[in-house]
Amino acid sequence: MSQESGVPTFRDALEGLWAEYRPEDLATPEAFRRDPKRVWDWYAGRREKIDSVTPNPGHYALAAMADHATRFALITQNVDGLHQKAGSRGVIELHGNIRRVRCFDCGRPAETWQDDGRHVPICAACGGFLRPDVVWFGELLPPGEMRAAREAVLDCQVFFSIGTSGLVHPAASLAYEASRHQAVVVEVNLEQTPLSSAADYILRGRSGEVLPELVKAVWGE
Ligand code: ZN
């Protein structure tokens, strides 16, 4: 969804100074151990970029859906916090949040940190390096968030799969789980995905256009 707000995907952001790197050079625990400063700077740049973008009509439409629905859960793989900026609450963030920072060694979250541009900020508790609180390649999804996502899925009547490639597991399996539990599965995507053949309805288009139309059609606003 955030691509439509101008947040470049991870791969698209690998340009200019970063063009020589691959995702695994920047988004794995091994990469951080090898060169924490490089990884920290990459995420500092991403954070700066994300600070300058705003939610799009799709983000706002989901916040509106939550207001209308009796029960509603928003599960995201995005790490930019744009859903919260648009007013969504209780967002289940499967891949973490780039605005949060925690210690690489002891895991403790850091509320504030000093970035002098020369050193990786360190943990006040143990002196370890601070890292972004996002899920890197090869890391497990946060168990609490995954549990909350599964509970929401088992309990839902309608499941929307929005703008996701449907390739990254276990997140991609949630739509199939919903379908097995008799939920109506609706795919919102510009392109065909592996989920398309299993979806009950397909809305081809940009989420920033489709979702506001949907809210208007269902609730008339
Ligand atoms: Zn620490």
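Helices from the chain with mean Kyte-Doolittle at least 0.5 and a Cα length along the axis of 15 Å or more, per DSSP H: which? Intermediate values should be presented prior to the final figure.
Numbers: long enough: 36-51 (22 Å, -1.65); 57-68 (16 Å, -0.03); 143-154 (16 Å, -0.22); 207-219 (17 Å, 0.57).
Those that clear 15 Å and a mean of 0.5 are 207-219.
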Positive-end residue of Trp113, Val135, Tyr201, charge dipole of the chain with Cβ unit charges: Trp113
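For each of Val135, Val184, Val7, count neighbouring Cβ atoms within 10 Å of the residue's Cβ, then give the residues from fewest to most. Kindly include the intermediate steps, with their values, before the conclusion.
Details: Val135 18, Val184 14, Val7 22.
Ascending Cβ contact count within 10 Å gives the list Val184, Val135, Val7.
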The answer for GluC sites (Glu not before Pro) in the range 152-196 that fall in a DSSP coil and have at most 11 neighbouring Cβ atoms within 10 Å is Glu191
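Per residue, how big is the convex hull around the C-alpha atoms of the range 176-221? Give it to me in cubic angstrom, could you?
About 74 Å³ per residue, rounded to a whole number.
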Taking amide hydrogens as modeled 1.01 Å from N in the peptide plane, which residues meet the under 5 Å criterion relative to Ala124, leaving out close sequence neighbours? none
Rg over Rh of the range 40-134, using C-alpha atoms and the Kirkwood radius, what does it come to? 1.06
Take the alpha-carbon positions of the range 1-89, form their convex hull, and give its projected area averaged over all directions (one quarter of the hull surface) in nm². 6.4 nm²
With a 10 Å Cβ neighbour count serving as the proxy for reagent exposure, in which order, fewest first, do Leu94, Leu203 appear? Leu203, Leu94
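Out of the range 78-154, which trypsin sites (Lys or Arg not before Pro) are coil in DSSP terms and have no more than 13 other C-beta atoms within 10 Å? Working shown, then result.
Working: sites: Lys85, Arg89, Arg99, Arg100, Arg102, Arg118, Arg147, Arg150; in loops: Arg89, Arg118.
Passing both the DSSP loop test and the Cβ count: Arg89, Arg118.
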Relative contact order of the chain, defined on C-alpha pairs under 8 angstrom at six or more residues apart (%): 18 percent
Can you list the lysines whose alpha carbon sits under 29 Å from that of Lys216, skipping same-chain ones fewer than 8 residues off? Lys85
If the viscosity is 1.567 mPa s and the temperature 4 °C, what Stokes-Einstein diffusion coefficient in µm²/s follows for the range 38-77 when Rh is the Kirkwood radius over Cα pairs? 104 µm²/s
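Would you mind ranking Val168, Val39 by Cβ crowding within 10 Å, fewest neighbours first?
Working: Val168 13, Val39 25.
Ranked by crowding around the Cβ, least crowded first: Val168, Val39.
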Over the range 116-221: Kirkwood hydrodynamic radius from C-alpha pairwise inverse distances, Å: 16.5 Å
Cα Rg over Rh - the chain, Kirkwood: 0.99
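With only alpha-carbon atoms in the gyration tensor, what are the semi-axes of the equivalent ellipsoid for the range 1-47, in Å, largest first? Don't skip to the end; give the middle numbers.
Details: eigenvalues 81, 23, 18 Å².
For the range 1-47, the ellipsoid semi-axes come out as 20, 11, 10 Å.
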Table column - 3J(HN,Hα) (Hz), the range 17-22, Karplus curve with 6.51, -1.76, 1.60, x for Gly and Pro: 4, 9, 4, 7, 9, 9
To the nearest 20 Debye, how big is the dipole of the chain about its Cα centre, given +1 on the beta carbon of each Lys and Arg and -1 on that of each Asp and Glu? 340 debye
Over what distance in Å are the Cα centres of the range 191-217 and the range 108-152 separated? 33 Å
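The numbers here are math on the coordinates, done by the rules we state, and not lab data. Note that the structure is a prediction, hence the values are computed from the model and not measured. No Cβ is skipped: glycine too gets one built from the backbone with ideal geometry, and neighbour counts run over all protein chains shown.
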